[in-house]
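The values are calculated or read from the model by the stated rules, or taken from the named source; none is laboratory data. Given the structure is predicted, the values throughout are model-derived calculations rather than measurements. Counting neighbours? That spans all protein chains shown, and the Cβs are built from the backbone with ideal geometry, glycine included.
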């Protein structure tokens with residue numbers, strides 16, 4: 001029996017070896033194929049609609065017929081043309097009419113979608129988290145490099161001016177030596193309840209939805225948005241909302257290596273439902289001279305310390321330096337300076353050196369408006385320029401941020417502090433934890449060892 005995965009890879013490789021992919025000019029519109037037409041996929045339609053002079057949605061793809069029909073009707077009504085419709089992304093990737101793809105599938109499909117697209121000569125915008133596991137992070141970077149593709153991850157904070165300014169100030173020493181970043185993901189959510197297994201709804205290809213995940217019967221809670229809370233398809237809230245704050249924390253630290261240790265505790269409290277991932281989680285990453293701590297909470301949360309509440313939610317980062325701190329979130333940022341200045345030197349030593357220290361608010365920056373549209377424009381600009389270094393959240397950046405979320409989840413699942421080999425990011429002396437760096441793929445939806 002012919003293996004469709006191997007056939008697709010051979011066809012894509014032959015195309016790359018024998019065909020010249022079109023070079024877009026500075027003013028050419030990019031023909032896009034959208035993969036995944038759920039909630040975030042609908043956002044992609046809206047965002048690219050605001051960039052209609054730069055991009056045209058030429059095709060849409062989803063495993064759910066109803067989602068495809070809604071997308072085609074929406075694009076025809078709002079953008080005035082009929083996109084082609086595909087149930088299987090591999091068929092869409094073979095089309096010479098598509099220059100680039102924009103992926104808004106569930107997490108477990110991100111890596112394979114991006115790798116297949118790269119193999120077919122398409123540039124890729126892929127939603128966060130870039131990968132479902134650490135192995136996939138490595139393979140996505142390898143594919144982008146091998147096939148010389150532009151691959152942007154949907155970490156749109158990298159294109160938000162007030163966040164870019166705050167990180168630049170931190171890197172330039174505005175708060176002295178950065179020694180601690182606290183990432184915060186307080187997103188009030190509610191129990192999903194329990195849903196029984198049932199027949200697959202008409203028009204839904206359940207096999208394609210599961211893809212790399214192991215086979216399981218259909219239920220409502222395993223589909224639509226709630227796939228986030230199952231280990232086979234999602235990564236919990238640290239890999240959903242939290243990956244944005246993780247990315248910002250790593251951005252500020254400016255590190256490219258691995259932490260010395262990672263630990264994570266928490267659980268699923270209060271709820272009695274189908275969810276597998278924790279609704280409360282604390283993680284810590286130790287680098288020796290600095291650390292990241294990260295808090296996820298989906299239960300009721302009051303105002304806490306420097307974290308201002310915005311309704312029932314707060315997501316952001318607090319950066320602690322030896323001369324002050326910065327609070328950064330989607331509402332702007334605030335810079336506080338120590339009246340004692342940098343207190344880590346000789347002048348500050350001695351009994352009671354910091355007893356008169358105060359902090360003054362010296363700068364407040366308001367939010368800078370739209371986020372995803374500029375991020376997508378940055379992607380489209382790189383598609384035309386063919387310079388991946390111009391991407392604000394190039395795949396090596398987004399994949400690394402996702403990997404830190406995966407490290408935290410692995411530490412949570414094994415229930416112990418893990419030490420990392422600085423040369424390769426594997427866990428020292430822990431076979432169980434190392435087995436979780438990848439997954440047991442279901443044929444033919446395997447992320448390959450060699451891309």
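Here are a few things to note about the model shown:
- If you filter the range 301-325 down to residues that are farther than 19 Å from residue 371 by Cβ and modelled with pLDDT of 90 or more, you find that the one that is surrounded by the most Cβ atoms within 10 Å (Cβ to Cβ) is 319.
- Any hit, the range 241-250, residues being under 29 Å from residue 445 (Cα atoms), in a loop (DSSP other than H, G, I, E, B) and in contact (Cβ under 8 Å) with a residue 12 or more places away in the chain: yes
- Residue count for the range 209-230, restricted to those that are farther than 30 Å from residue 327 by Cβ, within 19 Å of the chain's Cα centre (by Cα) and free of Cβ contacts under 8 Å to residues at least 60 places away in the same chain: 2
- Checking residue 287 against (1) crowded, with 18+ Cβ neighbours inside 10 Å; (2) at pLDDT 95 or above, the condition it does not meet: (1)
- Enumeration of residues in the range 411-424 that are touching a helix residue (DSSP H, G or I) at 6+ places or on another chain (Cβ under 7 Å) and either outside the structural domain of residue 265 (by TED's automatic domain parsing) or closer than 19 Å to residue 400 by Cβ (or both): 418
- For the range 419-436, residues that are surrounded by 12 or more Cβ atoms within 10 Å (Cβ to Cβ), in contact with a strand residue (DSSP E or B) (Cβ under 8 Å, 6 or more places away or on another chain) and not in a helix (DSSP H, G or I) total 7.
- The lone criterion from (1) in contact with a strand residue (DSSP E or B) (Cβ under 8 Å, 6 or more places away or on another chain); (2) within 24 Å of residue 438 (Cβ to Cβ); (3) in a loop (DSSP other than H, G, I, E, B) left unmet by residue 144 is number (3).
- Test: residue in the range 262-272 that is out of contact with any helix residue (DSSP H, G or I) (no Cβ under 7 Å at 6 or more places or on another chain), buried (at least 17 other Cβ atoms within 10 Å of the Cβ) and in a strand (DSSP E or B): no
- Against the conditions (1) crowded, with 18+ Cβ neighbours inside 10 Å; (2) assigned to a helix (DSSP H, G or I), residue 31 satisfies every one except (2).
- Matching option when the condition is closer than 22 Å to residue 328 by Cα and out of contact with any strand residue (DSSP E or B) (no Cβ under 8 Å at 6 or more places or on another chain), among 400, 413: 400
- Residues (without any contact (Cβ under 8 Å) to a residue 24 or more places away in the chain and in contact with a helix residue (DSSP H, G or I) (Cβ under 8 Å, 6 or more places away or on another chain)) located in the range 57-103: 82
- Qualifying residue in the range 175-189 (condition: loosely packed, with under 15 Cβ neighbours inside 10 Å and on the phi > 0 side of the Ramachandran plot): no
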